[in-house]
Amino acid sequence: MKQPFGVILAGGQATRMGGGDKGLLQLGGQSVLDHVIERLTPQVARVALNANGDAARFAGLKLPVLPDSIDGFAGPLAGVLAGLDWAAAHGADTIVTAAADTPFFPGDLVPQLLLASEGMTHPLVLAATPDAKRGTARHPTFGLWPVALRDDLRAALQGGLRKVVMWTQTHDGREALFPDEDAFFNINTPEDLARAQEML
């Protein structure tokens, strides 16, 4: 399998942080997005950013900025679709997504997702971690997605589907389990940002 392309999902509205771009918050002398880019870049063939609005605010990152093609903040799946369309135009078979507000995700994210997808016609895998209450907790913004299913995803989004897991389950999506419960700690509130500073 060819090395996946990487797509950082930054299309959310950050309501709990008072709006704006969580990825542009400062963490340890650089932006949260800088941390995400540093972790993802060595694991993939190319990197792009899924974000809506004025792309100029990300000019300093020197990455392609992919807006959603589905109107009205359709959630992470719209960002996945934008990434799949970009990857298809450049000859890639798969993408791996990462959230723009999750600076400490595993350095072996992509290898573990690929490993979990072995034998699948259409590699579709979500990251998961142990969860005391539910057994495992899925992280739907961290996944391996096949370009071959992009038109199916487009049709699902146009039909009103918004829940990631509802779509992945219809295609027998799998999970890749990461043992560290905090592997996908994300920054939603000012308190989370303070905790991230401590974790750094």
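The values are calculated or read from the model by the stated rules, or taken from the named source; none is laboratory data. Quick caveat, the model's predicted, so the values are computed rather than measured. Positions of Cβ are backbone-derived with ideal geometry, glycine not excepted, and every protein chain shown enters the neighbour counts. All accessible areas refer to the heavy atoms of the entire protein, side chains included, with ligands and DNA or RNA removed. Shrake-Rupley method; radii C 1.70, N 1.55, O 1.52, S 1.80 Å.
Before moving on, here are some points about what is shown:
- Taking amide H as placed 1.01 Å from N in the peptide plane, the amide H of Glu175 sits under 5 Å from that of Leu126, each at least 5 places away or on another chain.
- Per residue, the convex hull spanned by the alpha carbons of region 81-124 comes to 92 Å³.
- The fraction of accessible area contributed by carbon and sulfur in region 1-141 is 52 percent, rounded to a whole number (1.4 Å probe; ligands and nucleic acids excluded).
- Each 5 Å bin from zero holds the following percent of Cα-Cα pairs in the chain: 1, 8, 17, 21, 22, 17, 10, 4, 1.
- With DNA, RNA and ligands ignored, accessible area of His122 (1.4 Å probe; Å², nearest 10): 80 Å²
- Accessible-area order (highest first, 1.4 angstrom probe) of the listed residues Glu175, Glu198: Glu198, Glu175
- Average Cα contact separation per residue, region 7-161, under 8 Å, 6 or more apart, as relative contact order %: 25 percent
- Residues in region 19-41 reached by a label modelled at Asp180 [backbone nitrogen below 16 Å; 7 Å Cα→Cβ]: 35-41
- Electrostatic dipole magnitude of region 50-105 [Cβ: Lys, Arg +1; Asp, Glu -1; Cα centre; debye, to 20]: 200 debye
- The string of couplings for region 85-100 from the Karplus curve (6.51, -1.76, 1.60, θ = phi - 60°) is 5, 4, 5, 4, 5, 10, x, 7, 9, 9, 10, 10, 9, 9, 7, 6 Hz, one whole number per residue in order, with x for Gly and Pro.
- Candidate residues Asp151, Asp108, Asp172, Asp85: accessible-area rank, largest first, probe 1.4 Å: Asp172, Asp151, Asp108, Asp85
- Given the chain, longest segment not containing exposed loop trypsin sites (Lys or Arg not before Pro) (DSSP; at most 16 other Cβ within 10 Å): 63-132
- Estimated FRET transfer efficiency (Ala59, His90; beta-carbon r; R0 25 Å; 0.05): 0.75
- Dipole magnitude (debye, nearest 20) for the chain, charges at Cβ of Lys, Arg, Asp, Glu: 240 debye
- Net length available on complete extension from Ala155 to Lys2 is 52.5 nm, with 0.36 nm assigned per residue and the Cα-Cα distance removed.
- Surface/4 of the Cα convex hull for region 114-155, nm²: 3.8 nm²
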